[in-house]
Amino acid sequence: QLYGQHMIALAAGAPTFCEILVRLHEDDAGLIPPNAFIPAAERYYLMPSIDRWVVARALAMIGRNRWSESTSDQPMMYAINLSGQSLCDDQFLDFVVSHLHESGIPPARICFEITETAAIANLTRAIDFMSRLKDIGCHFALDDFGSGLSSFGYLKSLPVDYLKIAGAFVQNIAGSRTDDAMVDAINHVGHVMGIMTIAEHVESPVILERLREIGIDFAQGFAIHRPAPMVEYRANRMADLV
């Protein structure tokens, strides 16, 4: 099942964002979160099939319901996660382009998220994949940034628009000077490079306020909005956010 989670803009002029998430529903077990089934899917090389399912249904749903029309001055943007395995699939790029065309959604409304570790492990493929989709207007976010050993070094090679700062740093920012400094450093380097920043795992108003002080562009987490099924999703839910 597809779920959606809001990101709120902390900077003036930033677009309205929704990340599309996947959940697995089993009759006996109920709703299963991604960290419980994605590792198994990766082990048995099922992620390209899952990514195809998510991309096809997400784009069709957005295009059909026109949820890209938000209540703010900025158009709604949607973030869709992709796995490293899909980056290595020779047919996946054509699949994405085809479904984007069929949906009628302006490519600039779509931001694909790739984890830092997946991008680094498939660096040449990732750069080619990202560059070709950026040529038609799509955006890219580097997810879980800061978790790699050479994050800043690789960042110079990757054509990304957004950095999603690793939640392990963000969730401890209020009690750790080191984590606070890491978030501040990532935000500074990103802005110098013309890249917007997103803090994930925002779990309290205290964390949210500190992120505003640092100058982070977007915030995402349970303190802001809990993921909801896309079948219930509407852009005007933004009015319910802090």
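The values are calculated or read from the model by the stated rules, or taken from the named source; none is laboratory data. This one's a predicted model, so the numbers in the text were calculated from it and none came from an experiment. Here the Cβ positions follow ideal geometry from the backbone for every residue, glycine too, while neighbour counts run over all protein chains shown. Quick note on the areas: whole protein, heavy atoms, side chains included, nothing else; ligands and nucleic acids left out. Shrake-Rupley method; radii C 1.70, N 1.55, O 1.52, S 1.80 Å.
With semi-axes defined as the square roots of five times the eigenvalues of the C-alpha gyration tensor, the equivalent ellipsoid of the stretch 102-198 measures 26, 15, 11 Å, largest first. All C-alpha pair distances within the stretch 139-178, sorted into 5 Å bins from zero, spread as 6, 23, 27, 21, 14, 7, 2 percent across the bins. Computed from backbone phi with θ = phi - 60° and the Karplus coefficients 6.51, -1.76 and 1.60, the 3J(HN,Hα) list for the stretch 4-14 is x, 9, 6, 10, 9, 7, 9, 10, 5, x, 7 Hz; x is used for glycine and proline. All other residues with a Cβ under 14 Å from the Cβ of N81 taken together, and with Lys, Arg as +1 and Asp, Glu as -1, what is their net charge? Spelling it out: positives minus negatives among the neighbours equals -4. The heavy atoms of T117 offer some 90 square angstrom of accessible surface to a 1.4 angstrom probe.
Of the residues N172, N81, N187, the one that moves most in a GNM of the chain with alpha-carbon contacts below 10 Å is N172. Charged neighbours of R52, selected by a Cβ distance under 14 Å, balance to -4 (K, R count +1; D, E count -1). Computed from backbone phi, the HN-Hα couplings of the stretch 111-126 come to 10, 8, 9, 10, 5, 4, 5, 5, 5, 5, 5, 10, 4, 4, 5, 4 Hz, rounded to whole numbers (Karplus: 6.51 cos²θ - 1.76 cosθ + 1.60, θ = phi - 60°; Gly and Pro given as x). For the chain, a crude dipole built from +1 on the beta carbon of Lys and Arg and -1 on the beta carbon of Asp and Glu, taken about the Cα centre, is about 300 debye to the nearest 20. Need one word for the stretch 34-192: rounded, prolate or oblate. Basis is the Cα gyration tensor (sqrt eigenvalues a ≥ b ≥ c); a/c below 1.5 gives rounded, then a/b vs b/c decides. It comes out prolate by the Cα gyration axes. Under 5 Å between amide hydrogens, built in the peptide plane, is the criterion, and for F112 it picks out I80, H139, F140, A141 among residues at least 5 positions away or on other chains.
What relative contact order, as a whole-number percentage, does the stretch 18-161 give when Cα pairs under 8 Å and 6 or more residues apart are counted?
After rounding, I find 21 percent.
Put simply, the amide H of I216, placed in the peptide plane, has no neighbours under 5 Å, leaving out anything fewer than 5 places away on its chain. Of the residues A12, Q1, M182, the one whose Cα sits farthest toward the positive end of the charge dipole of the chain, with +1 on the Cβ of Lys and Arg and -1 on the Cβ of Asp and Glu, is A12. Whole-Hz Karplus values for the stretch 200-217 come out as 9, 6, 7, 10, 7, x, 5, 5, 4, 5, 5, 5, 4, 5, 5, x, 4, 7 Hz, taken residue by residue from phi with 6.51 cos²θ - 1.76 cosθ + 1.60 and θ = phi - 60°; glycine and proline positions read x.
Taking amide H positions as modeled 1.01 Å from N, with prolines and chain starts lacking one, the residues under 5 Å from L21 and 5 or more places away or on another chain are Y3, G4, Q5. DSSP beta bridges fully contained in the chain are about 35 percent antiparallel.
When you restrict to C-alpha pairs under 8 Å that are six or more residues apart and normalise by the size of the chain, the relative contact order lands at 22 percent.
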